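Note sheet for the following structure.
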Amino acid sequence: MNQTKRKVKEQFHLFLSNKGLKGTLQRSLILDAFLDLDRSTHIDELYLILRGKHPNIGHATVYRALRLFASAGIAREINLGDGLTRYGVAGGRRHDYLVCNDCGTVTEFENGSIERYQAEVARSMGFTVQSLKIELRGVCNRCMAQAGRHS
Ligand SMILES: [Zn+2]
């Protein structure tokens, strides 16, 4: 288990005990799957991944677990305006997103020079940034290749 994963789990257990909640086996399976994925995901995707290995886990359980992870501060909700709530592991670095308009695939990326530039622009205008999100929309490689084949 890597360092981040251990820290996230400790944070979650602390949250549960502060709330007087017990850690359940299902919750911990869901948390493992979420952390192992190591990228943002949404409820249906995570449910399908889990169902493959643990047929007893229900959709509603996965949903409630993700909401609980968000309240515990170990998952952050990502809303890209397409009606789908995605969840990413919180506490990591801020990520920017490439969103494919065709297949809806979301790819996270980070680029230190973009961040530094943003901070510089804000500072020069006397503005304090509290949150930000970069979302680049377009067509992913795969969709582009497919479009090429069909035309
Ligand atoms: Zn695509």
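The values are calculated or read from the model by the stated rules, or taken from the named source; none is laboratory data. This is a predicted model, so every value here is computed, not measured. Here the Cβ is made from the backbone with ideal geometry for all residues, glycine too, and neighbour counts use every protein chain on show. To get the accessible areas, we keep the full protein, side chains included, count just its heavy atoms, and leave off ligands, DNA and RNA. Shrake-Rupley method; radii C 1.70, N 1.55, O 1.52, S 1.80 Å.
Below, the figures for the structure above:
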{"quantity": "Single unsatisfied condition, Cys103 versus (1) in contact with a Cys (Cβ under 9 Å, 6 or more places away or on another chain); (2) outside the structural domain of Asn141 (by TED's automatic domain parsing)", "calculated": "(2)"}
{"quantity": "Single condition Thr107 does not satisfy, out of (1) open to solvent by 60 Å² or more (accessible area, probe 1.4 Å); (2) of a type in the set (Val, Ile, Thr); (3) more than 16 Å from the ligand (Cβ to nearest atom)", "calculated": "(3)"}
{"quantity": "Selection within the range 110-151 - within 16 Å of the ligand (Cβ to nearest atom), farther than 15 Å from Leu80 by Cα and not charged (D, E, K, R)", "calculated": "Val139, Cys140, Asn141, Cys143, Met144, Ala145, Gln146, Ala147, Gly148, His150, Ser151"}
{"quantity": "Selection count where residues are within 22 Å of Leu98 (Cβ to Cβ) and open to solvent by less than 40 Å² (accessible area, probe 1.4 Å), scope the range 38-57", "calculated": "4"}
{"quantity": "Residue within the range 117-140 that is touching an Asp or Glu at 6+ places or on another chain (Cβ under 8 Å) and basic (Lys, Arg) present", "calculated": "yes"}
{"quantity": "The range 58-67, residues that are open to solvent by less than 70 Å² (accessible area, probe 1.4 Å) and in contact (Cβ under 8 Å) with a residue 12 or more places away in the chain", "calculated": "Thr61, Val62, Ala65, Leu66"}
{"quantity": "Residue under evaluation Gln118, criteria (1) modelled with pLDDT under 90; (2) open to solvent by less than 40 Å² (accessible area, probe 1.4 Å); (3) not assigned by TED's automatic domain parsing to the domain that holds Gln11, criterion not met", "calculated": "(2)"}
{"quantity": "Among (1) modelled with pLDDT under 90; (2) closer than 16 Å to Glu108 by Cα, the one test that Lys22 misses", "calculated": "(2)"}
{"quantity": "Selection status of Glu108, in contact (Cβ under 8 Å) with a residue 60 or more places away in the chain and closer than 23 Å to Leu136 by Cβ", "calculated": "yes"}
{"quantity": "Given (1) in contact with a Gly (Cβ under 9 Å, 6 or more places away or on another chain); (2) closer than 14 Å to Ala72 by Cα, index of the condition Thr41 fails", "calculated": "(2)"}
